[in-house]
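So the structure is just underneath, and the comments pick up after that.
The values are calculated or read from the model by the stated rules, or taken from the named source; none is laboratory data. None of the values given here were measured: they were computed from a predicted structure. When we count neighbours, we look across all protein chains shown, and the Cβ atoms used for this are built from the backbone with ideal geometry, even at glycine. With ligands, DNA and RNA removed, areas are computed over all heavy atoms of the protein, side chains included. Shrake-Rupley method; radii C 1.70, N 1.55, O 1.52, S 1.80 Å.
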Amino acid sequence: MRVDLPPAFVLHRRDFRNSSLIVEAFTPEFGRVGLVARGVRGKRSEKNALLQCFRPLLISWTGKGELYTLTNVEAESFVSPVAGAAYASCFYLNELLMRLLQRDDAHEEIYALYQQALQDIQSAPSATERVLRLFEKHLLQELGYGLMLDCEADTGQVVDENAEYCYEPERGPVPRVIGRVASGPVISGHSLLSLARNELADADSLRESKRLMRAILREYLGDKPLQSRMLYNQAKPQSTTE
């Protein structure tokens, strides 16, 4: 198979042998692809300089099997380097995609969501928490794990904005019973509806939605720690963005 210059982002890269890299790239048409970039780690290598995360690229590859051979890479457009808390938040997006997407499985909608999230995090840092929560929600939806947010799990009735709920990961929101041990994260009806409507315009809904999404994602990510959380703590220890 030979593929010429589709748009792509680098999700992850690691050294391979003496002078090469293994690159995990994300494309709209081919999904996540594994590439061997041979001989690119030289000091004057233009390919090595281009193969960085969060940079819009055009890449070409050839071959078959689990790993293809990178043949060309070009910059699709110029973007400013990502640093600090924004870097940790963008890296979190990459970790989610690396752990939730299978290779060679196309996800054009997820690619568009990812591209937009990168732009939003860099252009409006104060809205990063909202961007991350909505990305998590839509990512799960596109993968077939969409959340029930606006209806009660048992009755199908519309969530009461003034009530409190326990969110059971495999079912949905169940009215909280005072004195009974919660069977999932506790979240207000207001926050559930705010997330359902893609609003998250207040601190309470942001905080509660974060707690909810962490519990839901834990079901699919397992117990392995996310490196992006450690990065974020180093970059901005007093914040709770991701």
Original post:
Any residue in region 77-100 that is acidic (Asp, Glu) and open to solvent by 40 Å² or more (accessible area, probe 1.4 Å)?
Top reply: no
**OP:** Please go through region 36-49 and pick out each residue that is aliphatic (A, V, I, L, M) and surrounded by fewer than 19 Cβ atoms within 10 Å (Cβ to Cβ).
**Re:** Val36, Ala49
Original post:
With respect to Glu66, is the statement that it is closer than 25 Å to Gln119 by Cα, surrounded by fewer than 15 Cβ atoms within 10 Å (Cβ to Cβ) and out of contact with any Phe, Trp or Tyr (no Cβ under 9 Å at 6 or more places or on another chain) true?
Top reply: no
Original post:
For Asn198, are the conditions met, namely being under 27 Å from the mean Cα position of the chain (by Cα) and part of a loop (DSSP other than H, G, I, E, B)?
Top reply: yes
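Listed here are the residues, each with its yes/no results for (1) farther than 28 Å from Phe54 by Cα; (2) assigned to a strand (DSSP E or B).
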residue: Leu139; (1), (2): no, no
residue: Asp154; (1), (2): yes, no
residue: Tyr165; (1), (2): yes, yes
residue: Glu170; (1), (2): yes, no
residue: Val181; (1), (2): yes, no
Subject >> Pairs where the first residue, in region 70-97, is within 20 Å of Glu142 (Cβ to Cβ) and the second is modelled with pLDDT under 95 and open to solvent by 50 Å² or more (accessible area, probe 1.4 Å), C-beta under 7 Å, 6+ apart >> reply: Glu95/Gln227
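Filter region 13-35 down to residues that are acidic (Asp, Glu) and farther than 16 Å from Arg2 by Cα and give me whichever is least open to solvent (accessible area, probe 1.4 Å).
Among them, the one singled out is Glu24.
For (1) assigned to a loop (DSSP other than H, G, I, E, B); (2) of a type in the set (Gly, Ala, Ser); (3) at positive phi, each residue gets a yes or a no:
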residue: Ile59; (1), (2), (3): no, no, no
residue: Lys64; (1), (2), (3): yes, no, no
residue: Val73; (1), (2), (3): no, no, no
residue: Ser80; (1), (2), (3): yes, yes, no
residue: Ala88; (1), (2), (3): no, yes, no
residue: Phe91; (1), (2), (3): no, no, no
residue: Leu96; (1), (2), (3): no, no, no
**OP:** Give me the pairs, please: first residue somewhere in region 198-225 and among the acidic types (Asp, Glu), second residue anywhere and not in a helix (DSSP H, G or I), beta-carbon distance under 6 Å, and either six or more positions apart or on two chains.
**Re:** Glu208/Ile187; Glu219/Pro169
**OP:** Looking at (1) open to solvent by less than 90 Å² (accessible area, probe 1.4 Å); (2) modelled with pLDDT of 95 or more; (3) out of contact with any Pro (no Cβ under 9 Å at 6 or more places or on another chain); (4) assigned to a loop (DSSP other than H, G, I, E, B), find the lone condition where Ser205 falls short.
**Re:** (4)
**OP:** Determine whether Gly156 is over 24 Å from the mean Cα position of the chain (by Cα), modelled with pLDDT of 95 or more and surrounded by fewer than 16 Cβ atoms within 10 Å (Cβ to Cβ).
**Re:** yes
Subject >> Conditions (1) open to solvent by less than 70 Å² (accessible area, probe 1.4 Å); (2) more than 28 Å from Asp223 (Cα to Cα); (3) in contact with a helix residue (DSSP H, G or I) (Cβ under 7 Å, 6 or more places away or on another chain); number of the one not met by Ala124 >> reply: (3)
Subject >> Filtered residues of region 158-185 (kept if in contact with a Lys or Arg (Cβ under 9 Å, 6 or more places away or on another chain) and either under 23 Å from Thr128 (Cα atoms) or touching a residue at least 24 places away in the same chain (Cβ under 8 Å) (or both)) >> reply: Ala163, Glu164, Tyr165, Pro169, Gly184, Pro185
Subject >> Exclusive hit being in contact with a His (Cβ under 6 Å, 6 or more places away or on another chain) and not aromatic (Phe, Trp, Tyr), set Glu142, Glu161 >> reply: Glu161
